[in-house]
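The values are calculated or read from the model by the stated rules, or taken from the named source; none is laboratory data. The shown structure was predicted, so the numbers you read here are calculated from the model rather than taken from an experiment. Backbone-built Cβ (ideal geometry, glycine too); neighbour counts: all protein chains shown.
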Amino acid sequence: MSIDRNRFKFYLWVGFAYLCLWLFIDLANYTGPLHAEIINNIWRFFYAVTVNFIFFEFTLPFIKRKRKYYFYNIILFLLALWFQLMLCSFGLYAWRSIGISLHIYTALLTFPSVSQTISSQAAYGVMSIIFFGIIKHFYDFRKLKEAAQQLRIEKQEAELNYLKSQTNPHFLFNTLNNIYSLTRDKSDLAPESILRLSQILRFMLYETGGEFIAIEQELKIINDYIALEKLRYDDSLSVNFNYDIEDMKQALPPLLLIPLIENAFKHGVSETRNQPFVDIHLSVNNRLLIFVVKNSTEKFSEEQSVKENIGLSNLRRQLELLYRDFNLSLQQGQSIFTTNLKINLASHV
């Protein structure tokens, strides 16, 4: 039988609170010497802590074990409760007698019979069961709630890390495909594209390990990515990226905005035959982030529905895990696809 020291410390603190409560009651009702009242209650304190610790931490868990017939648990509980009541009445009377024989406990009150003496001790003992039981219930409930909260946080962090681990390879896969197209065509831009990719990889390896980065770092990676994508197209591609940010040091989860830009190039510009364009606007003011990405698309029939690819689906789930107040909307026009993202940065979970 191993004893959890932290749990036993908890019972000592509860016992101390019960000691102070009962000492106050004794002092309010009796006129005995103060030092005798204190020593008597300390003597009973050790007994109450011990019997209640054993009852709540060992006896009840043993009774709660799963058995073939639930009826056995009921019988065991009734027997254990009866035995606990005996300990808190006859047992406490015996503990009082031991204290008197050792000249530790002082009999401040005398009763005409043993039964009345036992009854007076039973009041202290039975109340201790109720007191310890109530405090233990609320303490365990709070601990269980904290454990559930911690488990929820850990689950969300694990899911968020999984989504990030999906997003980064997805991003790299698309970028490598672009570079492959350049090398297959023996383009002179291939070496530059590899250099820009190495810069992006360096950023992803060394700068995105933390929970947040400054917005100015996110802007740099966006500009590098746009420059890398532009290498694939001729001068017919129009890319406009402007921003209005009141504080470049504001915190933002790394690579949060990249999927929207990646989506504009992969599913918009690459499939547009005439006058391809990407128009990007970012503003962050008063902790409100607004990110609008517009890109050209081919003719879109009204019967078609807008479907989210893996990049957008992962982004939406990341936002759900990171922020309480956000909105991500997709709008397909005749030849323009618009993505609108609004985040209240102050609503971070």
Legend entry - Filter result (within 19 Å of residue 196 (Cα to Cα) and not in a helix (DSSP H, G or I)) within segment 238-278: 239, 241, 254, 255, 257
Inset, instruction - Within segment 228-246, track down each residue that is within 13 Å of residue 181 (Cβ to Cβ) and of a type in the set (A, V, I, L, M). - result: 228, 231
Inset, instruction - Look at residue 78 and say whether it is at pLDDT 85 or above and surrounded by 12 or more Cβ atoms within 10 Å (Cβ to Cβ). - result: no
Inset, instruction - Look through segment 259-294, keep the residues that are basic (Lys, Arg) and farther than 16 Å from residue 340 by Cα, and return whichever of them is surrounded by the most Cβ atoms within 10 Å (Cβ to Cβ). - result: 266
Inset, instruction - Only residues in segment 206-234 that are within 22 Å of residue 319 (Cα to Cα) and polar (S, T, N, Q) count as the first member; pair them with residues that are at pLDDT below 80 and in a helix (DSSP H, G or I), Cβ under 9 angstrom, at least 6 apart or cross-chain, and list the lot. - result: 208/164; 208/168; 217/203
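Every residue, every condition in (1) within 17 Å of residue 129 (Cβ to Cβ); (2) within 36 Å of the chain's Cα centre (by Cα); (3) at pLDDT below 90; (4) surrounded by 15 or more Cβ atoms within 10 Å (Cβ to Cβ), yes or no:
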position: 31; (1), (2), (3), (4): no, no, yes, no
position: 35; (1), (2), (3), (4): no, no, yes, no
position: 43; (1), (2), (3), (4): no, no, no, yes
position: 48; (1), (2), (3), (4): yes, no, no, yes
position: 51; (1), (2), (3), (4): yes, no, no, yes
position: 67; (1), (2), (3), (4): no, yes, yes, no
position: 71; (1), (2), (3), (4): no, no, yes, no
Legend entry - Answer residue from segment 213-258, given it is of a type in the set (D, E, K, R), exposed (fewer than 14 other Cβ atoms within 10 Å of the Cβ) and at pLDDT 85 or above and is farthest from residue 279 (Cα to Cα) among those: 249
Legend entry - Test: residue 3 is crowded, with 17+ Cβ neighbours inside 10 Å, under 24 Å from residue 140 (Cα atoms) and modelled with pLDDT under 90: no
Inset, instruction - Quick one: residue 264 ticks every box in (1) at pLDDT 80 or above; (2) more than 23 Å from residue 216 (Cα to Cα) except a single one, so which number is it? - result: (2)
Legend entry - Any chance residue 204 is in the same structural domain as residue 287 (by TED's automatic domain parsing), at pLDDT below 70 and surrounded by 11 or more Cβ atoms within 10 Å (Cβ to Cβ): yes
Inset, instruction - Could you please find all residues in segment 267-326 being at positive phi and at pLDDT 85 or above? - result: 286, 287
Legend entry - Qualifying helices (runs of 4 or more DSSP H) (wholly inside segment 1-114; at least 1 residues being small (Gly, Ala, Ser)): 5-29, 34-54, 70-86, 92-101
Inset, instruction - Only residues that are surrounded by fewer than 11 Cβ atoms within 10 Å (Cβ to Cβ) and within 44 Å of the chain's Cα centre (by Cα): list them for segment 100-146, please. - result: 130, 138, 141, 142, 144, 145, 146
Legend entry - residue 103 being at positive phi and in the same structural domain as residue 39 (by TED's automatic domain parsing): yes
Inset, instruction - Scan segment 233-280 for residues that are hydrophobic (A, V, I, L, M, F, W, C) and closer than 25 Å to residue 348 by Cα and jot them down. - result: 245, 248, 251, 252, 255, 256, 257, 258, 260, 261, 280
